[in-house]
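Everything below concerns the one structure shown next.
FYI, it's all coordinate maths here, none of it is from the lab. The shown structure was predicted, so the numbers you read here are calculated from the model rather than taken from an experiment. Counting neighbours? That spans all protein chains shown, and the Cβs are built from the backbone with ideal geometry, glycine included.
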Amino acid sequence: MHKVLSTAIAFLFIFLPVSLSQHLKDDEIKEQFNLAVELYNANSYYQAHSIFNKIINEYDFNSRTTVSYFFSSKIYLGQERFDEAESLITKFLELYPSSSYADEMRMMHVKLNLQQEDYYASLRDLAFLVGRTDSDNYRDRAKNIGGKVACYYLNSTQIKQLNDSFTGSIVKPFLLLQLGIAFSKEGDLINAKKSISELINNYPGSEEYTEAVDYYSSLSDQTVTNSSATLIGVILPLQSNSTGQITSTASLEILEGIKFALSEFNLGREDKIGLVLRDTKNDVDVINRIQIEFANNSAIKVILGPIFSNEVRATLNEFIDVNIPIISPTATDDDLTSISDNFFQANPSFSKRGRIMAQYVYFVENKRNISILNAIEGYSPSLASTFAAEFERLGGQILARETYSSKSFQLEVPVSRIAADSLELEGIYIPLADKIDAPAILSQLVQHELNLTIYGNQDWLIAKGFETSTELSNKITFSSDYFIEFDSDDFQIFNERFANVTGKDVNRNVLYGYDTAKYLLTAMRNINNNRINIRNKMISGLTSAGFHNNLAFDELRINRFLNIVRYKDGVFQLVDKFRSSN
């Protein structure tokens with residue numbers, strides 16, 4: 001008995017210090033954690049972060065470990081330290097997949113991907129959460145966010161790839177619904193119905209079942225091959241990667257504008273117009289396959305795209321025997337409309353810009369005696385030649401036409417020759433080849449006391465050196481396809497609408513897509529939508545007001561509008577959206 005008692009006392013002396021030590025350590029961790037939370041709430045993130053990381057890395061697993069991961073990841077994310085956030089969140093989910101914080105950490109990973117505009121990964125994470133969480137609240141949140149991501153940022157190819165990679169009975173109907181909606185938006189009604197039917201037939205007990213039944217009944221009975229259907233074919237160099245994610249920023253932004261214009265047009269309409277999107281991949285062989293598909297689909301009434309002149313040229317050659325209107329929002333090469341009678345150029349070619357500027361100077365500015373100073377490089381000679389030819393055709397006189405080599409700054413001789421006619425001279429047309437030449441030109445004009453109106457091209461918008469002469473700088477007027485009235489009330493209202501839907505602000509590329517799509521939709525309104533009727537309406541002079549530029553065409557099929565901008569007291573102002581004569 002004495003021996004047993006002695007043994008018990010010995011064990012007590014061994015374990016009592018251990019238990020006491022652990023209790024003291026728990027108190028220390030609790031105190032450290034509470035301090036870190038106080039610092040976090042006081043926006044002292046650096047100090048708070050240091051303590052949270054200490055709890056994670058320097059102490060054994062304890063009751064504050066997982067929540068410290070949460071706070072530490074949140075701080076990384078707030079500081080846009082995306083790599084560190086990614087690493088910590090991934091480590092947490094590997095170590096503690098069953099933690100009560102696991103769902104919140106997965107939502108944080110979604111936010112991380114959204115901030116980096118990786119929308120495919122965002123929907124993948126949300127789909128995983130939908131299928132794995134036991135929380136109705138997190139599942140509802142994931143479905144709500146996932147639906148918006150799928151609708152605004154992903155195409156059917158991407159969503160189908162995700163749908164094919166999931167099998168769970170909860171996540172599968174969610175993805176099938178998003179896939180059906182995506183197909184419908186792209187005008188692929190056959191696959192839209194197929195996806196929704198799969199949901200209805202295989203998952204009658206799902207949360208999506210009722211919505212799927214309603215959505216299926218709302219789909220038109222027409223199919224994409226029915227000539228009574230109306231689709232716009234959109235072909236852009238999306239440069240989609242292996243996951244279907246669009247890597248071309250410009251193409252994605254233009255597409256956003258197109259989709260937004262289409263959604264506005266279709267709102268509340270029974271006779272909706274659909275979209276068929278194809279990626280050219282900047283590859284002639286791919287364009288050939290698109291031509292075969294589009295030529296055999298009579299539902300496609302018009303084609304919007306591509307955006308680069310080389311791709312447009314390849315597309316026009318491939319579609320040479322297909323009688324369908326094709327409009328590019330951005331291509332500017334001069335020869336494109338000569339390749340095909342079905343091609344429309346929304347962004348005026350450089351030669352057209354020279355002619356339009358000549359008409360503006362002659363008719364609006366009422367000038368009759370002009371000189372020209374142009375560089376011998378770039379598109380400056382083309383602008384100068386077409387300006388001169390048109391100005392003289394109208395009855396004006398070119399007093400002098402001088403040239404210089406861009407970036408040489410050898411301007412004394414050509415400017416002095418122009419100055420010789422200063423008594424008769426009413427203005428100078430100066431199409432820049434490079435913005436770097438502007439300060440030297442202005443300086444020479446000041447030295448020769450040529451204080452008169454300067455007309456130019458859009459390179460003046462990005463030029464510097466206007467402080468050389470405030471008085472002369474206030475007389476600079478030029479054409480531009482870059483200028484947008486960001487401060488106008490109409491633009492601000494439009495930008496707010498766009499941002500509410502997409503989460504992004506409007507930029508020039510968005511407007512290229514939006515204005516061109518809006519023009520097409522205006523042309524397709526209230527007519528029998530066959531390809532010939534649409535083309536005839538497009539060349540009729542129909543005008544569509546745009547935020548970037550207005551659009552109107554005649555038989556020449558080059559946009560007749562050009563923005564005229566003036567520099568005054570340090571600010572660029574839109575003077576006119578000038579419509580040229582025939």
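Of note:
- Taking the number of Cβ atoms within 10 Å of each Cβ as an exposure proxy, the fewest-first ranking of L162, L425 is L425, L162.
- The chain, dipole about Cα centre (Lys/Arg Cβ +1, Asp/Glu Cβ -1), debye to the nearest 20: 800 debye
- Here the chain carries DSSP beta bridges of which approximately 30% are antiparallel, counting only pairs with both residues inside.
- Sum of -39500 (n - 2.57) over DSSP H runs of 4+, divided by residues of the chain (222 nm, nearest 500): -17000 deg cm²/dmol
- Kirkwood hydrodynamic radius over Cα pairs of region 2-218, then Stokes diffusion coefficient at 25 °C and 0.890 mPa s, in µm²/s: 121 µm²/s
- For P(r) over Cα pairs in 20 Å bins from 0, in percent, the candidate list reads (i) 17, 37, 28, 13, 3, 1, 0; (ii) 20, 55, 24, 1; (iii) 15, 36, 26, 15, 7, 1; the entry that matches the value derived from this model is (i).
- Note on D134 and S218: their simple-model spin labels are 3.6 nm apart, each label 7 Å out from Cα toward Cβ.
- Placing unit charges on each Cβ (+1 for Lys and Arg, -1 for Asp and Glu) gives the chain a dipole about its Cα centre, and among L252, G395, F92 the Cα reaching farthest toward its positive end belongs to L252.
- Fewest-first ordering of S405, S309 by other beta carbons within 10 Å of each residue's beta carbon gives S405, S309.
- Length added when fully stretched, I462-I320, from 0.36 nm per residue minus Cα-Cα: 47.3 nm
- Based on Cα contacts under 8 Å between residues 6+ apart, the chain shows a relative contact order of 9 percent.
- Dipole of region 421-531 computed with +1 at Lys/Arg Cβ and -1 at Asp/Glu Cβ about the Cα centre; of T516, F483, N457, farthest Cα towards the positive end is T516.
- If you wrap region 435-521 in the convex hull of its Cα atoms and look at it from every side, the mean projected area works out to 7.4 nm².
- Projected label distance in nm at L423 and E449, using a 7 Å step from Cα toward the beta-carbon: 1.3 nm
- Cβ crowding within 10 Å, taken as a proxy for footprinting-reagent exposure, orders T502, T315 from fewest neighbours to most as T502, T315.
- When the Cα positions of A552, M538, S581 are compared along the charge dipole of region 488-582, M538 comes out farthest toward the positive end, with charges on each C-beta of Lys, Arg, Asp and Glu.
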